[in-house]
Ligand code: 5GP
């Protein structure tokens, strides 16, 4: 771990932002990245309903709207956004503590959240994962058999807007196409390694 030369306090860790439309394979990519490198993944808070495979406290902290709103008021969230009609947010304390301890932290958040984090922490490194084509994304959304067709179409329509927004802003430092899993992981790993080298010096 990098140390400040004048003290034994660890140098502040790097914050990595990972975004990409629903169904693009972000979680699988993040899990593989966590297997390959020393980093901690922030668990978000959300008001969306739990779906098949969701574990409370592991994939998300599932809360109700009043609880989420209390967290916003108490300034406990580093960022928050509404996605498909539900609140999502990053608990600030976890991220701050890990960064202060010198750890690399990954947040998996949408474009609005990424915009907010980049504003408050411009030194963070933001990557946006894309599917090779829109059709491929739609097929992946259907393939994971998590939602009904109406929800899938809603998420697909949001995804197209997200991609357009991501490409029209300067929030993202890099865009990665998840065409082939191994290739995409290798590209992300190489981007992160490059960033960490530049960040820690
Ligand atoms: P899902 O419901 O598919 O798990 O997530 C929907 C979207 O919310 C995804 O784009 C995901 O990256 C985003 N998301 C998850 N957690 C957060 C968060 O804490 N903040 C923000 N802004 N977006 C999040």
Name the one entry in 23, 13 that is modelled with pLDDT under 95, surrounded by 15 or more Cβ atoms within 10 Å (Cβ to Cβ) and in a loop (DSSP other than H, G, I, E, B). 23
Flagged in segment 63-90 as near the ligand (Cβ under 8 Å from one of its atoms) and either part of a loop (DSSP other than H, G, I, E, B) or under 27 Å from residue 36 (Cβ atoms) (or both), in numbering order, are 79, 84, 88, 90
Show me the strands (runs of 3 or more DSSP E) found entirely inside segment 98-181 where at least 3 residues are within 11 Å of the ligand (Cβ to nearest atom). none
Got a number for residues in segment 109-126 being over 21 Å from residue 46 (Cβ atoms) and more than 15 Å from the chain's Cα centre (by Cα)? 3
Cβ-Cβ under 9 Å pairs, at least 6 apart or on other chains, segment 83-99 side over 18 Å from residue 20 (Cβ atoms) and free of Cβ contacts under 8 Å to residues at least 40 places away in the same chain, far side within 7 Å of the ligand (Cβ to nearest atom) and in a strand (DSSP E or B): 92/79
Can you tell me how many residues within segment 46-62 are more than 17 Å from residue 94 (Cα to Cα) and either free of Cβ contacts under 8 Å to residues at least 60 places away in the same chain or near the ligand (Cβ under 10 Å from one of its atoms) (or both)? 7
Please name all residue pairs, on different chains or six or more residues apart, with Cβ atoms under 8 Å, provided the first residue is in segment 101-121 and is in contact (Cβ under 8 Å) with a residue 24 or more places away in the chain and the second residue is part of a helix (DSSP H, G or I) and near the ligand (Cβ under 9 Å from one of its atoms). 107/113; 107/117; 108/26; 108/27; 109/117; 110/162; 111/162
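The values are calculated or read from the model by the stated rules, or taken from the named source; none is laboratory data. Computed from a predicted model, the values in this text were never measured in an experiment. Positions of Cβ are backbone-derived with ideal geometry, glycine not excepted, and every protein chain shown enters the neighbour counts.
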